[in-house]
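Every read-out reported here was derived from the displayed coordinates using simple, explicitly stated rules and does not represent laboratory data. Since we're looking at a predicted model, the values are computed, not measured. FYI the Cβ positions are ideal-geometry reconstructions off the backbone, even for glycines, and counts take in every protein chain you see.
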Amino acid sequence: MNCLRSCSVLALLCLPMMASAQTANTSEPRAFGYSVGDVVTRRIHLDLPAGMRLDESSLPQVGGRGRSLELRSVERRGSEIELAYQVFLAPREVRTLELPPLALRIEGGPRVVDLRVDAWPLTVAPLGPVDASPRHGLGEMRPDAPPPLIDTSALRRRLLGYGALGLLLLGYLAHVYIGLPWWARHRRPFGLAWRAVRQLPAQPGAEQWREAWARVHGALNQTAGEAVFEPGLERFLAAHPGFELLRDELLQFFQRSRAVFFAGDAPQVDRRWLLDFCRRCRDAERGSA
C-alpha cells in the first residue's frame with residue numbers, strides 16, 4: 001500500500017500587488033519489502049498558480065543510475081509526474097536506500113523558484129540468507145543431477161535392421177561382382193584343364209598322358225561349342241580372336257595330339273610344353289594372353 005505524504009514548499013513571488021504560492025504533493029511508495037529487480041514508483045502532483053509552469057529540463061534524466069537504483073522512466077500527465085525506479089542492489093542483509101531528492105524549477109514569475117521534493121527511504125532485503133540451513137540438501141553444493149535417460153531401444157532395433165539390410169546388400173554385391181566372376185574364372189574350360197595337367201606326375205603313364213591331352217581337347221571343344229580339329233582352326237580363331245596369338249601353338253597341339261593318340265608316342269612327348277600351352281590358353285580365355 002502506498003503511503004501518501006504531503007510535502008509543501010512555499011515560495012513567495014514578488015508581484016506588483018500580491019504574493020503567490022506553489023505546492024507539490026507526493027504519493028510515495030511503501031518503504032519496505034523490496035529486493036533486487038523490483039520497480040518502485042513515486043508520483044508528484046504540482047499545484048501551480050495561473051501563469052506559472054514547470055521547466056521540463058529540471059526533471060531527472062532517464063537512465064540516471066547509482067550503484068543501487070536506476071531511473072527507468074519519467075512520465076508527465078498534466079500536473080502529475082510519475083517516476084519509476086528499479087532496484088539493482090542485492091544486499092547480504094537488509095539495507096536502507098533512498099529515492100533521491102528532486103529540485104523542480106518553476107518559471108513564469110518575476111524570478112525562478114526551485115520546488116524541492118525530499119528523499120524517500122526504501123528497505124531492500126537479500127534474496128536468501130547468508131548461511132544456508134545445515135539440513136540435508138540445503139548445505140553444501142550438491143553434485144549435478146544425472147541427465148534423464150531416454151529409451152533408445154526402438155532406435156537400436158532400427159539400426160540393427162538397417163545393419164542387417166546393409167550386410168545383405170553388401171553380400172549380394174560381393175556375390176555378383178566378386179564371387180560369380182571368380183567362380184566363372186576358375187570354372188572356365190582351360191582353367192580346369194590347366195589344373196588337371198599340372199597334377200600330372202613328372203613321368204606320367206601312357207593312360208594318364210592321353211587323359212591329359214583329352215582334357216585339353218575337351219577344353220578347346222567346350223570353348224568352341226563344337227569339336228575342333230585342325231581343319232576347323234580358322235573358324236575357331238575367327239569366333240575367338242583372343243586365341244589368335246596362339247595360332248602356331250594350336251597347330252603344334254593338333255600335330256602332337258595325333259602322335260599321342262595314333263602313333264603311340266606317349267611319355268616321350270614334352271610334358272612341360274603341354275603345361276605351358278594349356279596355361280597360355282587359360283590366359284587367352286581370361287583376356288590376358
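The figures follow:
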quantity	calculated
Order by protection proxy (mean Cβ within 10 Å, highest first), peptides 217-227, 168-178, 52-62	217-227, 52-62, 168-178
For Thr123, residues with placed amide H under 5 Å, excluding near neighbours	Phe32, Gly33, Tyr34, Leu97
Extended-chain gain in nm, criterion 0.36 nm per residue less alpha-carbon gap, Gln199 and Ala154	10.4 nm
Kirkwood Rh and Cα Rg combined as Rg/Rh, the stretch 185-286	0.94
Approximate spin-label separation Val36-Gln252, in nm, with each point projected 7 Å along Cα-to-Cβ	10.2
Label-to-label distance, nm, for residues given as Leu245 and Asp55 (7 Å Cα→Cβ offset)	11.3
